[in-house]
Amino acid sequence: MLIKHGIAVSPGIAIAQPMVLGVEDYRIPRQTIDHSSARSPHDATAAEVQRLRAALDKLSDEIAANEALAAEHLGKEAAAIFAAHLLLTRDPKLAQEIEKLIREANHSAEYASSQVLRRYAKSLQNLGNSYLAERAADIFDLERGLLRHLLGEQREDLAHLTAPVVVLAHNLTPSETAGLSREHVKAFVTEVGGATSHTAILAGALEIPALVGVGSFLADASGGELVIVDGNLGQLIIDPDKDTLARYEQIRSLQQSRQQLLRTSGEGIASTNDGVRILVQGNIEFPEEAAHASARGADGIGLYRTEFLYMGGLRERTEEEHYLAYKEVIRAFGDRPVTIRTLDVGSDKIPNSLRPVLQEAPNPELGLRSVRISLEYVDLFKTQLRAILRAATGGDVRLMFPLVSSLPELRQAKMILRDVMEDLDEEGIPFAGDIQIGMMVEVPSAALRADEFAKEVDFFSIGTNDLIQYTLAADRTDPLVAKYYNAADPAVLMLIQNVVRAAENAGIPVTVCGQMSSDPKYLPLLVGMGLRQISVMPQAIPVLKDLIRRISVPEAVEIAERVRTFETARDIDLFLKKELDRLLALERSTPALAETY
Ligand code: PEP
Ligand code: MG
């Protein structure tokens with residue numbers, strides 16, 4: 001039995017035989033053109049160029065089909081990833097560069113294609129930006145697709161499997177991930193990849209357990225044995241021993257029956273057993289997820305990360321495109337609240353249109369990102385604000401600025417919003433002039449001065465993902481410092497408590513929308529600290545609503561008080577896990593059960 005650890009990007013337990021996809025999928029048999037069957041060298045070169053063009057055409061058709069598949073299953077924004085691939089394969093410059101190598105260097109079509117595409121990928125990787133380095137995977141995807149068409153080989157077709165499998169791969173490209181058979185692929189694990197790659201984003205939308213960034217393990221796995229993927233603890237277990245297998249089978253069946261039981265838990269409002277309502281809203285990235293979040297029981301959208309509108313495309317979005325996306329979300333939620341966050345680009349999320357400026361940032365997490373970009377690129381900001389204000393006439397819409405770190409910054413953002421309202425007014429365009437304006441509290445400076453900020457906004461939303469990294473100086477995407485990044489750290493909890501207290505004093509609502517609130521372990525603590533709203537991953541909603549109904553506010557307050565007596569994140573973490581076990585009446589002998597909840 002071998003246990004490997006990785007970054008868990010989608011929760012759940014899967015047990016199945018592995019399907020191992022190799023690092024080198026297509027071997028290139030010849031580096032030069034085969035002249036043996038041609039009448040003249042000229043004929044052989046012409047035939048080679050012809051082969052290349054036919055393969056490029058076939059690949060383009062295939063990507064167009066993938067685009068349609070993604071649009072149908074995952075929505076327009078996921079499909080945009082393939083639209084970008086398509087632009088490249090249909091770019092005459094790409095064909096010309098490969099043809100040049102065929103004609104001038106006598107390279108075979110396969111070798112020439114591989115040389116050109118790998119050069120593209122390498123230049124992306126060498127730009128020293130993790131987001132762009134992830135995009136190199138897209139180029140390797142195209143290379144493999146092209147080689148498959150040139151060599152006529154069929155890689156095992158991931159879309160047409162007949163038995164359940166766990167896919168193990170060096171890397172899975174976005175197209176392979178979107179094409180996975182939902183019926184038969186029970187999980188996937190990759191050696192490389194970061195939590196912010198497109199692949200990770202798509203894993204969540206597919207709702208199968210997934211781990212990325214596990215490091216090298218393919219040499220240790222082969223078909224035939226069993227593997228366990230624990231998407232909660234971030235573990236891959238190859239060839240488990242009898243006891244481990246039995247334990248995980250038990251966890252899995254518990255999880256399945258619990259899911260069955262919880263099927264209806266998302267419905268209706270969730271109040272503690274002493275009658276205090278806790279609002280459980282959903283976090284979404286793509287407008288198409290709104291309907292899904294609603295079906296899971298979201299009481300509203302607490303965080304709509306609009307920057308994903310930008311991620312797949314090659315150009316800026318128009319006001320109309322923003323407007324239509326927002327309308328789709330608002331329509332799905334009727335009179336329930338929808339909180340639209342203005343663009344949070346920069347750091348790891350860089351749209352193509354801003355790459356030339358942002359990719360050189362020496363420390364992107366501390367650089368030009370988020371609301372700072374909106375204040376720098378006022379036209380971009382105004383386009384989005386116009387669309388939000390127009391769309392907001394059709395529902396209970398709130399607007400939220402991300403990563404606010406000082407009062408002048410907030411005031412400037414609000415001033416631009418007022419300008420936009422004046423413009424719309426002058427143009428006679430209907431808009432929501434009374435929209436509620438909130439801010440994310442995700443920088444320690446904002447958490448510390450929450451009392452002052454509370455006088456100038458209608459609500460707070462605590463972004464713990466960033467708040468933790470800025471408080472503890474631990475990059476949220478770097479596995480090397482993962483042990484320093486902990487939501488249970490007393491310093492983080494003190495900042496959260498300060499924000500909740502300031503909001504209570506000012507009489508404004510406060511939510512936690514970072515990943516911390518999706519983890520059931522933290523729910524009693526957050527309620528005990530005074531939170532009455534959370535915004536979470538849609539798939540966690542039924543579980544959290546069920547848990548809310550099992551606790552009482554005095555019990556939660558007692559948990560929060562006990563937590564204040566501990567000195568380290570580790571002690572707090574252990575205590576909260578035990579408390580969760582107790583609340584769920586789970587056996588102490590299988591603590592991992594709490595993770596399945
Ligand atoms: C956060 O930082 O907690 C948050 C919700 O924002 P994001 O994860 O999009 O940075
Ligand atoms: Mg954030």
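If a residue has to be away from ligand 2 (no atom under 14 Å from the Cβ), over 15 Å from residue 399 (Cβ atoms) and not small (Gly, Ala, Ser) to count, how many in segment 455-476 make the cut?
Number of matching residues: 2.
If you check 313, 275, 334, which single one turns out to be away from ligand 1 (no atom under 13 Å from the Cβ), farther than 17 Å from residue 438 by Cβ and either modelled with pLDDT under 90 or buried (at least 20 other Cβ atoms within 10 Å of the Cβ) (or both)?
One residue alone meets the criteria, 313.
Pick from 52, 21: which is outside the structural domain of residue 147 (by TED's automatic domain parsing), touching a residue at least 60 places away in the same chain (Cβ under 8 Å) and crowded, with 17+ Cβ neighbours inside 10 Å?
21
Could you tell me which of the residues 497, 539, 515, 533 is surrounded by fewer than 24 Cβ atoms within 10 Å (Cβ to Cβ) and within 16 Å of ligand 2 (Cβ to nearest atom)?
After applying the criteria, what remains is 515.
Quick grid of which residues meet (1) of a type outside the set (A, V, I, L, M); (2) under 30 Å from residue 399 (Cβ atoms); (3) outside any helix (DSSP H, G or I):
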residue	(1), (2), (3)
229	no, no, yes
236	no, no, yes
251	no, no, no
257	yes, no, no
274	yes, no, yes
281	yes, yes, yes
303	no, yes, yes
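Among the residues of segment 540-549, is there at least one that is within 16 Å of ligand 1 (Cβ to nearest atom) and not hydrophobic (A, V, I, L, M, F, W, C)?
Checked segment 540-549: no residue is within 16 Å of ligand 1 (Cβ to nearest atom) and not hydrophobic (A, V, I, L, M, F, W, C).
Taking helices (runs of 4 or more DSSP H) that do not extend beyond segment 55-154, which have at least 3 residues that are crowded, with 22+ Cβ neighbours inside 10 Å?
Those helices (runs of 4 or more DSSP H) span 76-89, 109-125, 130-151.
Looking for something touching a residue at least 40 places away in the same chain (Cβ under 8 Å) and either away from ligand 2 (no atom under 16 Å from the Cβ) or in a helix (DSSP H, G or I) (or both) - is there at least one such residue anywhere in segment 365-372?
yes
Please enumerate the residues belonging to segment 421-449 that are outside any loop (DSSP other than H, G, I, E, B) and away from ligand 1 (no atom under 16 Å from the Cβ).
The answer is 421, 422, 423, 424, 425, 426, 427, 436, 437, 448.
Going by the conditions given, is residue 297 among the small types (Gly, Ala, Ser), in a loop (DSSP other than H, G, I, E, B), modelled with pLDDT of 90 or more and more than 16 Å from ligand 2 (Cβ to nearest atom)?
The answer is yes for residue 297.
Being closer than 18 Å to residue 326 by Cβ, more than 30 Å from the chain's Cα centre (by Cα) and in contact (Cβ under 8 Å) with a residue 24 or more places away in the chain, is that true of even one residue in segment 385-406?
No, because not a single residue in segment 385-406 is closer than 18 Å to residue 326 by Cβ, more than 30 Å from the chain's Cα centre (by Cα) and in contact (Cβ under 8 Å) with a residue 24 or more places away in the chain.
The values are calculated or read from the model by the stated rules, or taken from the named source; none is laboratory data. The shown structure was predicted, so the numbers you read here are calculated from the model rather than taken from an experiment. Here Cβ is always computed from backbone atoms with ideal geometry, including for glycine, and neighbour counts include all displayed protein chains.
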